[in-house]
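The values are calculated or read from the model by the stated rules, or taken from the named source; none is laboratory data. Small disclaimer: the values here were computed from a predicted structure and weren't measured. For neighbour counting, all protein chains shown are included, and Cβ atoms are generated from backbone atoms with ideal geometry for every residue, glycine included. Areas reflect the complete protein model, heavy atoms only, side chains present, ligands, DNA and RNA absent. Shrake-Rupley method; radii C 1.70, N 1.55, O 1.52, S 1.80 Å.
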Amino acid sequence: MLHDPNRIYIFDTTLRDGEQVPGCQLTTSEKVEIALRLEALGVDVIEAGFPVSSPGDFNSVVELSKAITEPIICALTRANKNDIDVAADSLKYAKRPRIHTGIGASDMHIKYKFNSTREDILQRGVDAVKYAKKYVEDIEFYAEDAGRADNEFLAQMVEAVIAAGATVVNIPDTNGYCLPDQYGAKIKYLMDHVSNIDKAIISVHCHNDLGLATANTIAGIQNGARQAECTINGIGERAGNTSLEEVAMILRTHQTLNKHTNINSKHFYELSGMVSRMMRMPVQPNKAIVGKNAFAHSSGIHQDGVLKHRENYEIINPEDVGIDQSEIILTARSGRHALKHHLERLGYVIDKINLDDVYERFLTVADKKKEIKDDDLLLLMSDGTERNYKAGVTVKLLQVMCGDPLIPTSIIKLDIKGVMYEATSSGNGPVDATIKAINSILEKEIAIKTFNIEAIEGGSDDVSKVNMRIKYLDKNYNGYGFSTDIVQASANAYLDAVNKFI
């Protein structure tokens, strides 16, 4: 690594520390898939695993080493020769290998974990770095529980391991103990008292036991650290690790810090969802940056402010983290401005609507339901009020044949700006056949990202609502359709989304 004083290197440990959450283990192929997305995100280092811990972890480091080109691939070890030998073997295919070795630095760990002395621990740390240096040039040393370590001894340890060949020194707040000013002062102490500190990069690795992981990481960066160790969604053992997306967006938002990363933040939302699904660990709705409520507004005052000028209530543009737009949630607290916004989004011509009358009816429904969704608005407006799609792609005929032993087949006729088009297609089901028939007319490469069907009330004769998200030319579009016929509702939802870009 080149030591650009304003560049913060991002060390992602989602696949090592993050995977230590009970019940969230990943297969090797899943790890490779996430690692490729991390590479696209722009992380500088991927900690691929703890090779000596299991054959699966060893194999994961091997396969990630083969698959990844740009980021450094890092393998964790303890300060002993066998761990280091195994790690070096697992990294043999890595284009840019790093061994991450270390030992406890706090008197608590020295006495109760190692039953040893400061002098012995210091020597073991130095020996581990020198031994690992025989295999690879890039050595990171971790001083475990540095957050509770004596600063003078910690400085002695850091100086010794740098002299032994460490290129990066990790100062972990292993138990999430420190307050931000304490942790920042610890990093500053090392910057001021370690004579060879300029020969290595200082890294911060903070845990979230007191909810201070991100704050401590930023405090470390403000005081001289140049590498931040993080996980996607802040996952990790106990209360988790520093959230990668939070650190990256704090540095981008606060330009006065004069620090930058190589992160392409537009990948955050998609990568967050992938990690959540694969690890079966939901993201809390109010999670900063990637939670489903992070850009959602339900208060009437906030909604009015956002619609008038986004920055009234948003310090981050949702598109910068891969979210199409802010979400205005309709509730009984919403005002006319928010209702008007949603009606226009659904295609209603506001000039032809008595908005005051609609708002009164809206409040009646909103008082009964916690949240008003598109289907509620459509049902609310199903009184003959004119609707206007600018693009005007509508279904004029839909016939479907299916059932054993028939191959599902759909015949569809579309009206596109007054011109009639007809197509027939088969598929693995009636909805699939219908979508393929539509695509054969549109002649566009459209991918369905999400597809949800739900009954509005319940019962076999109920109106079904379909919510669909499609992707076209790297942008996502949401569509909504409803009908007593699920296939018709699906076609309506698909075209509702298509109409937003045609």
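Key figures
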| item | result |
| --- | --- |
| Positive-pole candidate from His100, Asn262, Ala433, dipole of the chain, charges at beta carbon | Asn262 |
| D_trans [Stokes-Einstein, Kirkwood Rh over alpha-carbon pairs] for region 41-114, 37 °C, 0.692 mPa s, µm² s⁻¹ | 257 |
| Probe 1.4 Å, protein heavy atoms only - accessible area per residue of region 393-500 in square angstrom | 54 |
| For region 11-83, the spread of Cα positions along each principal axis, largest first, Å | 33, 27, 19 |
| Local electrostatic count at Asp209 - Lys and Arg +1, Asp and Glu -1, tallied over other residues with Cβ under 11 Å | -1 |
| Debye, to nearest 20: dipole size of region 9-279, +1 on Lys, Arg Cβ, -1 on Asp, Glu Cβ | 320 |
| Helix-only [θ]222 nm of the chain, DSSP H runs n ≥ 4, -39500 (n - 2.57) each, per residue, nearest 500 | -11500 deg cm²/dmol |
| Accessible surface of region 9-279, 1.4 Å probe, proportion on carbon and sulfur as whole % | 49 |
| Cα long-axis angle, helix 55-67 against the chain (0 to 90 degrees, to the nearest 10) | 70 |
| Cα gyration tensor of the chain - equivalent ellipsoid semi-axes, whole Å, descending | 53, 27, 18 |
| 0 to 90° range, to nearest 10: angle between helix 355-368 axis and the chain longest Cα axis | 60 |
| Value in Å of the Kirkwood radius, where region 115-241 supplies the Cα pairs that are averaged | 14.6 |
| Within region 393-500: Cβ-based charge dipole about Cα centre, in debye rounded to nearest 20 (Lys, Arg +1; Asp, Glu -1) | 500 |
| Calculated SAXS-style log₁₀ I(q)/I(0) at q = 0.12 Å⁻¹ - region 393-500, Debye, Cα scatterers | -0.39 |
| Centre separation in Å (Cα based) which lies between region 105-182 and region 334-372 | 61 |
| Karplus (6.51, -1.76, 1.60) ³J(HN,Hα), θ = phi - 60°, over region 147-152, in Hz, Gly and Pro reported as x | x, 9, 7, 5, 4, 5 |
| Two-decimal Rg to Rh for region 1-139 - Kirkwood Rh, Cα set | 0.99 |
| Net charge, Gly220 excluded, C-beta distance under 9 Å - Lys, Arg +1, Asp, Glu -1 | 0 |
| Dipole-positive endmost among Tyr131, Leu179, Ile202 within region 9-279 (Cβ charges, Cα centre) | Tyr131 |
| √(5λ) per eigenvalue of the Cα gyration tensor, region 9-279, largest first, Å | 26, 23, 17 |
| Nearest-20 debye value, the chain charge dipole, Cβ charges on Lys, Arg, Asp, Glu | 500 |
| Region 393-500, accessible surface, carbon-and-sulfur percent (1.4 angstrom probe) | 48 |
| DSSP bridge pairs, the chain: antiparallel proportion in percent, nearest 5 | 50 |
| Gain upon complete extension [Thr364, Arg333; 0.36 nm per residue less C-alpha separation] | 10.0 nm |
